Amino acid sequence: MKILDRYILTTFVSTLATVFIILYFIFILQGVWLFIADLAGKDLDIWIILQFLLFYSPKMIPLVLPLSVLLSSIMTFGSFAENYEFAAMKSSGISLQRAMRVLSIFITSLALLSFWFANDVIPKSEYQFINLRREILQTKPAMAIAAGQFNDLGKINIKIDKKTGKQGQYLENVTMHIKSNVGYENKTVIKSLNGELASLEESNILQLHLIDGNYYEEVEAKTYQQAQKEPFVKIKFDKYTMNIDLNSFQNNTEDSEKITNTNSMLNVRELNYTIDSLENSLIKEKTSNTENLSIRTQSLFQYNKSTTVNKRTVVDVAPKDLLKDFENKTQARIIQSALDNTSNLSFNAESNNTSIFDRQKYINSHWLALHEKFVIAFSCFLMFYIGAPLGAIIRKGGLGLPIVFAILIFITYHFINTFGKKVAQENGITPFLGAWLASIVLTPLAILLTYKATNDSGMFNMDNVLLPIQNAFKKIFKKNKHTNHV
């Protein structure tokens, strides 16, 4: 390796390491604030808290790494241009592309490393994070329930006003929502004045005893008319015991490597297998819904084959008024029957569409998780080829102007990325386009900046932008100084 390549690589890597550590620490602190209710006031050992943060921290890499590459690229190449080091390189016949060659190799290695991290490390850390919460729940169940907010325990969301007792096992004013098996609706609500948590270390069952409360459950309507009445069941109880299975939070089975809880805990191979299974299941459900709807429709037009049909009554064109030959009461029954059948068919079709849409959203989330593993690798290239030529153009190093540009570019990237994934999640666009939308939008900018920096044709003269601002501040300072002097 030549001395110049070693110098460029050493400068960039040292800047990248410094920026990455600072940003990573900031994002970890943000995570601490997100989970402060789960950590504070629960008598947790310092080792458990460190494990909690350790298993949570890998998911910050997709946010921290691209921003670190962008900022360090602007700072490094802006410093080279500001100190006329690029001018010395060019006078020696070394172009910008040649100066970026060794860093391009490094960014390639970094992109491969980030893909491996997103594919192997993050899914396992996510699983360990869930497993740690399961252990806390099993040994000291009250630790997993914070007072004053809803706590997610698998298929149960529970909120309490206050905890008492030596281990916080006594609960006051319990509100519980139980998730349905299909979709994300909460059709069952349980409210009680008091409750008590009980569990055994050798058991995977957490018992929740609820005292003096009410049980509410929405009843699934079979017809459209019943749905309009919003039927539900209400039961008052003196004591109600719930058994919460903790198997979904543990990792003590023989097949410990098989992760199926959420899409964020799956690698590429597992995501491909899961997506294929989900799509086949969706196709079968669509086919079944279509066949059922077709059968229900055909049954409306079937007649009793034993009935003799007078051939003279069969006409090629139906009359304009089919009901005129019937009595008024019969006409009313026919119209009401037609309305009921139409409402039932419409209600079934809407229910089927809702179920299909929920399944499609679930599949889209898996597709987004799959593409995200490749997006993080490409984002390293994208941010480098935006930051390096931009630093050479603005000719400003340090932590001033580069941070401004880095934040603006990254906020734009993050906003487009979040917007694309949200729209793709709702099936507005394809998951591929939603995951790659930010990269597609900013890639032309990277190409343009690289072209401009390579040909020494800056996009704009920074002095024309900065000098008026500096002069305005100087005038303000002079005016204030003159006023204070008077």
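The values are calculated or read from the model by the stated rules, or taken from the named source; none is laboratory data. Please read these numbers as outputs of a predicted model, since none were measured by experiment. Glycine also receives a Cβ, built like all others from the backbone with ideal geometry; neighbour counts cover every protein chain displayed. Calculation scope for accessible area: heavy atoms of the full protein, side chains included, ligands and nucleic acids excluded. Shrake-Rupley method; radii C 1.70, N 1.55, O 1.52, S 1.80 Å.
How much accessible area per residue does region 322-405 have, in Å², with a 1.4 Å probe?
Heavy-atom SASA per residue in region 322-405 reads 50 Å².
Summing Lys, Arg as +1 and Asp, Glu as -1, what charge do residues with Cβ under 10 Å from the Cβ of G213 carry, G213 excluded?
Value of the local net charge: +1.
Please give the solvent-accessible surface of V19 in Å², to the nearest 10, using a probe radius of 1.4 Å with every protein chain present.
Around 10 Å² of this residue is reachable by solvent.
Counting only protein chains, not ligands or nucleic acids, how are K162, K2 ordered by accessible area (probe 1.4 Å), most first?
From most accessible down to least: K2, K162.
How large is the accessible surface per residue of region 38-117, computed with a 1.4 Å probe and reported in Å² as a whole number?
46
Taking 20 Å as the cut-off for C-alpha to C-alpha distance, list the pairs among K187/K234; K179/K422; K373/K421; K222/K284 that go past it.
Check vs 20 Å cut-off fails for K179/K422; K222/K284.
Order E230, E372, most accessible first, counting only protein heavy atoms with a 1.4 angstrom probe.
From most exposed to least exposed: E230, E372.
Would you tally the net charge around E426, using a Cβ to Cβ cut-off of less than 15 Å, leaving E426 out, and scoring K and R as +1, D and E as -1?
+3
I'd like the FRET efficiency for L29 and D340, computed as 1/(1 + (r/R0)^6) with the beta carbon distance as r and R0 of 35 Å, rounded to 0.05.
Once the sixth-power term is evaluated, E becomes 0.05.
Using a 1.4 angstrom probe on the protein heavy atoms only, line up K452, K239 by accessible area, largest first.
In descending accessible area the options line up as K239, K452.
Roll a 1.4 Å probe over the protein heavy atoms and report the accessible area of D238 in Å², nearest 10.
120
Given H placed 1.01 Å from N in the peptide plane, which residues other than close sequence neighbours of V219 have an amide H under 5 Å from its amide H?
Correct list: F232, V233.
Could you compute the FRET efficiency for A349 and R101, with r as their C-beta to C-beta distance and R0 at 41 Å, rounded to 0.05?
Given R0 = 41 Å and the Cβ-Cβ separation, E is 0.10.
Roughly how much of K124 is accessible, in Å² to the nearest 10, using a 1.4 Å probe?
About 110 Å², ignoring ligands and nucleic acids.
How long is the gain from N272 to T175 if the chain were fully straight, where each residue apart is worth 0.36 nm and the alpha carbon distance is subtracted?
31.1 nm
Within the set of other residues whose C-beta is less than 11 Å from the C-beta of K2, count the net charge using Lys and Arg as +1 and Asp and Glu as -1.
+2
Please work out the C-alpha center-to-center distance from region 148-166 to region 115-133 and express it in whole Å.
Result: 26 Å between the Cα centres.
Enter the Cα centre distance for the pair region 45-61 and region 74-111, rounded to the nearest angstrom.
Rounded to whole Å, the Cα centres lie 37 Å apart.
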